[in-house]
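Inspection log for the structure reproduced underneath, given as structure tokens.
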Amino acid sequence: MSKAFASQADLADKKITFEQLSAHCWAYTAEGDPNSGVIIGDRFIMVSDATATPAMARDLIARIRTVSDKPIKYVLLTHYHAVRVLGASAYFAEGAQEIIASQGTLELIIERGKEDMQSEMERFPRLFRNAETVPGLTWPTLVIGGGNPVQGEVPGRLTVDLGGVQVQIWHPGPGHTRGDTIAWVAQEKVLFSGDLVEYEAGVYTGDAHLEEWPATLEALRALNAEAIVPGRGEAMKGSAQVNRALDYTKRWVETLYRCAREAAQANMDLRSAMAHTRKAMDPVFGHVFIYEHCLPFDVSRAYDEARGIKNPRIWTAERDKEMWASLQA
Ligand SMILES: [Zn+2]
């Protein structure tokens, strides 16, 4: 059996939904593709996750312009993955002045941004079909955490006033990567989680910290959000639905990591670990968007972590293909 690599066979366009969740918060979602969030204040707009390419970002910008003509001053990168950050340059023509990310995300862009860009462009040909519009890596201009507040550097939590609405941004703990940030609009109880939370879509864990992720999800649950824009999947409205998305993600992460620990304990090789994991994952998650894309990367990382590899190994286009071939052959 041979499956097309990653999302290379996923070429059909998705239906995009741009919907209002509260007085100032909007969700841009697309049937399991990477989502963006939009927070529209009286003076400025913030976009949470920039989309994969400037060409794609212009579609999001066009939708924003149907409801507001304010400058899009802030672009938040919830983490370093190329499908979320490489569209950022499109916002400069719309008034963008700050690209916000955590210290952990900045470090990951320095360490592996170039490799990740190449790797993701090959994994997602549909999202990167206008890759020629990408001018290069996206570098944050405002970095949260890791700085020295005494010297005027930004401490661990940033509050941005957009006029009539404030957005809090911080790193709630390791999970999907070690630098994920969230955006939280407390006055409307709307959470923009990035890939820390997904719903009815593959939970990509190729660069994750699986052991610590569930505790980070519980920190998000404690916010008691009334709506969430997950990284992938539809926006969820009402606390019951928010908890559903948190539970969905937690179940994926815990099932995957439990299987990997069992495989490591039994001294299985990676192929056997994959087969062992499928027995638990396929019946529950086999039907969701990008499941088959995610699973080989997820099992690889989970198996590494279960065997004591703390820092996720860097994926390159070459390592992607080698791993894929070894697990699908
Ligand atoms: Zn991601």
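Please list 228-236, 216-224 highest first by mean number of surrounding beta-carbon atoms within 10 Å per residue. Present the calculation step by step, with values, prior to reporting the outcome.
Numbers: 228-236: 26.4, 216-224: 16.8.
Descending packing order for the listed peptides: 228-236, 216-224.
Could you pull out every residue, at least 5 positions away or on a different chain, whose amide H is within less than 5 Å of the one on Ser68? Hs are placed 1.01 Å off N in the peptide plane, and Pro or chain starts have none.
none
Divide by every residue of the chain the summed helix terms, -39500 (n - 2.57) for each DSSP H run of at least 4, and state the resulting mean residue ellipticity at 222 nm, rounded to the nearest 500 deg cm²/dmol. It would help to have the intermediate numbers written out before the result.
Numbers: 8 runs with 117 residues, N = 329.
Theoretical 222 nm ellipticity from helices: -11500 deg cm²/dmol.
What ranking, highest mean first, results for peptides 318-325, 52-59, 12-19, 119-126 when packing means the other Cβ atoms within 10 Å averaged over each residue? Please report the intermediate quantities before stating the final value.
Working: 318-325: 15.0, 52-59: 22.0, 12-19: 12.2, 119-126: 20.2.
Descending mean neighbour count gives 52-59, 119-126, 318-325, 12-19.
Counting DSSP beta bridges in segment 17-252, what percent are antiparallel, to the nearest 5? List each step's numbers first, then the result.
Values: 26 of 40 bridges.
The antiparallel fraction comes to roughly 65 percent.
Whole angstrom only: what separates the Cα centroid of segment 80-135 from the Cα centroid of segment 276-329?
Taking the Cα centre of each part, segment 80-135 and segment 276-329 sit 23 Å apart.
Normalised by the number of residues in segment 188-251, what is the relative contact order in percent for Cα pairs under 8 Å and 6+ residues apart?
On the way: 93 pairs, mean separation 29.2, N = 64.
Over segment 188-251, the number comes to 46 percent.
Within a 10 angstrom radius of the beta carbon, how do Leu127, Leu106 rank from fewest other beta carbons to most? Numbers along the way, then the final one.
On the way: Leu127 24, Leu106 20.
If I rank by nearby Cβ atoms, fewest first, I get Leu106, Leu127.
Quick one: angle between helix 270-285 and the longest Cα principal axis of the chain, in degrees between 0 and 90, rounded to 10, please.
The helix 270-285 is inclined about 60 degrees to the chain.
So for the pair Arg319, Glu212, with labels modelled 7 Å out along Cα→Cβ, what separation do we get in nm?
The modelled label-to-label distance comes out at 1.9 nm.
Per-residue counts of other Cβ atoms within 10 Å, averaged by peptide: what ranking do you get for 170-180, 88-98, 205-215, highest first?
Details: 170-180: 23.1, 88-98: 18.3, 205-215: 21.2.
Descending mean neighbour count gives 170-180, 205-215, 88-98.
Before anything else, pin down the relative contact order of the chain: Cα pairs under 8 Å, at least 6 apart, normalised by residue count, whole percent.
On the way: 701 pairs, mean separation 57.3, N = 329.
Worked out over the chain, it gives 17 percent.
What net charge do the residues around Lys310 carry, taking every other residue with its C-beta under 13 Å from that of Lys310, with Lys and Arg at +1 and Asp and Glu at -1? Mind showing how you got there, number by number?
Working: positive: Arg178, Arg301, Arg307, Arg313; negative: Asp207, Glu211, Glu212, Asp304, Glu305.
Summing Lys and Arg as +1 and Asp and Glu as -1 gives -1.
Could you tell me which of the pairs Lys114/Lys321; Lys73/Lys237; Lys15/Lys237; Lys250/Lys279 are separated by over 21 angstrom between their Cα atoms in the structure shown? Could the numbers behind the result be given before it?
Values: Lys114/Lys321 17 Å; Lys73/Lys237 27 Å; Lys15/Lys237 19 Å; Lys250/Lys279 18 Å.
As for pairs spanning more than 21 Å Cα to Cα, those are Lys73/Lys237.
Rounded to the nearest 10 degrees, what's the angle between the helix 317-328 long axis and the longest principal axis of the chain, both from Cα atoms, 0 to 90?
40
Measuring from label point to label point, each 7 Å out along Cα→Cβ, what is the Asp161 to Ala186 span in nm?
The two pseudo-label positions are separated by 1.5 nm.
Relative to the longest principal axis of the C-alpha atoms of the chain, give the angle of the C-alpha long axis of helix 291-306, reported between 0 and 90° and rounded to the nearest 10°.
Result, in degrees: 80.
Every number in this text was worked out from the coordinates using simple rules, so none of it is lab data. Since the structure is predicted, the reported quantities are computational estimates derived from the model, not experimental observations. Neighbour counts are summed over all protein chains in view; Cβ atoms, including those assigned to glycine, are modelled from backbone coordinates with ideal geometry.
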